[in-house]
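A short write-up of the structure that comes next.
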């Protein structure tokens with residue numbers, strides 16, 4: 001089982017971010033953080049890098065349930081979704097697979113939550129494929 005779900009789409013980078021954010025919202029997620037890797041690497045290391053953003057997505061209902069089941073699970077939150085520009089004018093969107101990332105915790109209640117969150121993130125990826 002892979003640690004992420006992904007798809008490759010064509011289009012404007014910012015439009016893909018907007019579409020991804022909208023699909024996340026449809027699945028009950030908000031974007032808590034947005035990290036611009038390209039900008040950060042340029043500023044900190046003076047290197048050029050492709051467009052690459054990390055969205056920290058959180059579904060409050062599931063986050064609350066996960067925190068009730070496992071108090072230290074915040075170390076694995078939020079669910080990261082990346083959008084990166086590829087060399088061939090394509091854009092890859094990938095989301096963490098929470099089932100894999102939470103396997104090491106060994107908590108049955110958390111496994112059920114991770115499965116539900118996984119299904120929602122897969123729906124986001126599939127929604128991008130349907131355009």
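Every number in this text was worked out from the coordinates using simple rules, so none of it is lab data. Just so you know, these numbers come straight off a predicted model, no measurement behind them. Because the Cβ atoms are built from the backbone with ideal geometry, glycine has one as well, and the counts that use them run over all protein chains shown.
Descriptive notes on the structure:
- Between residue 50 and residue 99, the C-beta separation translates, for a Förster distance of 35 Å, into a calculated FRET efficiency of about 0.75.
- If you plug the beta carbon distance of residue 64 and residue 34 into 1/(1 + (r/R0)^6) with R0 = 22 Å, you get a FRET efficiency near 0.50.
- With respect to the chain, whose longest principal axis is taken over its alpha-carbon atoms, helix 108-129 is tilted by about 30°.
- In plain terms, the residue of 58, 79 with the fewest other Cβ atoms within 10 Å comes first and the most crowded comes last, giving 58, 79.
- Counted by neighbouring Cβ atoms within 10 Å, the residues 13, 29, 62 run from fewest to most as 13, 62, 29.
- Between helix 60-69 and the chain: long-axis angle, C-alpha atoms, 0 to 90°, nearest 10: 50
- Base-10 log of normalised Debye intensity for region 1-79 (one unit scatterer per alpha-carbon) at q = 0.24, 0.25 Å⁻¹: -1.20, -1.22
- The long axis of helix 13-26 is offset from the longest Cα principal axis of the chain by roughly 20 degrees.
- Using C-alpha pairs under 8 Å with a sequence gap of at least 6, the mean separation divided by the residue count of the chain gives a relative contact order of 33 percent.
- Within the chain, helix-based [θ] at 222 nm, where runs of 4 or more DSSP H residues each add -39,500 (n - 2.57), nearest 500: -14000 deg cm²/dmol
- With a simple spin-label model that places each label point 7 Å from the Cα along the Cα-to-Cβ direction, the separation between residue 89 and residue 116 comes to 4.3 nm.
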